[in-house]
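Notes for the one structure printed next.
The values are calculated or read from the model by the stated rules, or taken from the named source; none is laboratory data. Just so we're clear, the structure is a prediction, and the values are computed from it rather than from any experiment. Every residue, glycine among them, receives a Cβ derived from its backbone with ideal geometry; neighbour counts consider all protein chains shown.
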Amino acid sequence: MGDNIGPGGSEDGYIKEQERLLPIANVGRIMKQILPANAKISKEAKETMQECVSEFISFVTSEASEKCKKERRKTVNGDDVCWALGTLGFDDYAGPLKRYLHRYRELEGDRANQDKVSNEEREEPSSYRDNNNQPSSRPF
């Protein structure tokens, strides 16, 4: 029977329920952020939302994955997710997500450049140091 183990690790290709769903604590935390501080959320409401958001993510990801397969790519990226949202009729979400993705990439690029400069400063050539291994006041 070990031959029928699917990508989720369970027999017959079925993915276990807890592997298919987002953690309920995370779902509850996200729900709580939008509600007043004294609001309560029932277990049933959290479980319902957990099912819905997990299904939504699977739906969008599946569409993005199909696009990647057609383009003979193995990696789904943020642009694919934005495309999938638009294709599936979630244009109200695709636009803001594209802007977020663009800004995220800008910030990551800035961070990478800062890290590169920091590393270059730390890797100062030894010829710029004096006999006591201190930076020389005149490297030239």
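Observations, loosely collected:
- Filter result for D115 (at pLDDT below 95 and surrounded by 10 or more Cβ atoms within 10 Å (Cβ to Cβ)): yes
- Residue in the stretch 5-13 that is surrounded by 12 or more Cβ atoms within 10 Å (Cβ to Cβ), at pLDDT 95 or above and not hydrophobic (A, V, I, L, M, F, W, C) present: no
- Candidates R29, R105 - the one that is modelled with pLDDT under 95, surrounded by 10 or more Cβ atoms within 10 Å (Cβ to Cβ) and either of a type in the set (K, R) or part of a helix (DSSP H, G or I) (or both): R105
- Residue in the stretch 60-81 that is of a type in the set (A, V, I, L, M, F, W, C), in a helix (DSSP H, G or I), without any contact (Cβ under 8 Å) to a residue 12 or more places away in the chain and under 25 Å from R99 (Cβ atoms) present: no
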